[in-house]
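The structure appears right after this line, and notes come after that.
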């Protein structure tokens, strides 16, 4: 029972510190594995693990090479847009 309580305590702290772009519990995948560029545009699209970038310790996936080329032009700007759009794209 103590182990379960301790585990809940640790995960509650992890939820409280989640970044704006959801990375998933115990995950470092930005935008939950969705294409981060698409989230920045306001919709969800599956990310392809062949098209990726790591920023600030998080793995960001893109839909395809063309999208990734656009993403790499302004990664920080698209991350800011995705942060703002994340709650809306889940509705």
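So that you can scan it fast, the table gives a plain yes or no per residue for (1) over 12 Å from the mean Cα position of the chain (by Cα); (2) modelled with pLDDT of 90 or more:
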{"site": "27", "(1), (2)": "no, no"}
{"site": "37", "(1), (2)": "no, yes"}
{"site": "61", "(1), (2)": "no, yes"}
{"site": "67", "(1), (2)": "yes, yes"}
{"site": "76", "(1), (2)": "yes, yes"}
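Among residues of the range 45-83 being touching a strand residue (DSSP E or B) at 6+ places or on another chain (Cβ under 9 Å) and part of a loop (DSSP other than H, G, I, E, B), the one that is farthest from residue 34 (Cα to Cα) is 64. Within the range 31-43, being surrounded by 15 or more Cβ atoms within 10 Å (Cβ to Cβ) and not in a strand (DSSP E or B) holds for 31, 32, 33, 36, 37, 38, 39, 40, 41.
The values are calculated or read from the model by the stated rules, or taken from the named source; none is laboratory data. All values derive from a computational prediction rather than experimental measurement. With ideal geometry, Cβ positions are generated from the backbone for all residues, glycine too; neighbour counts draw on all protein chains shown.
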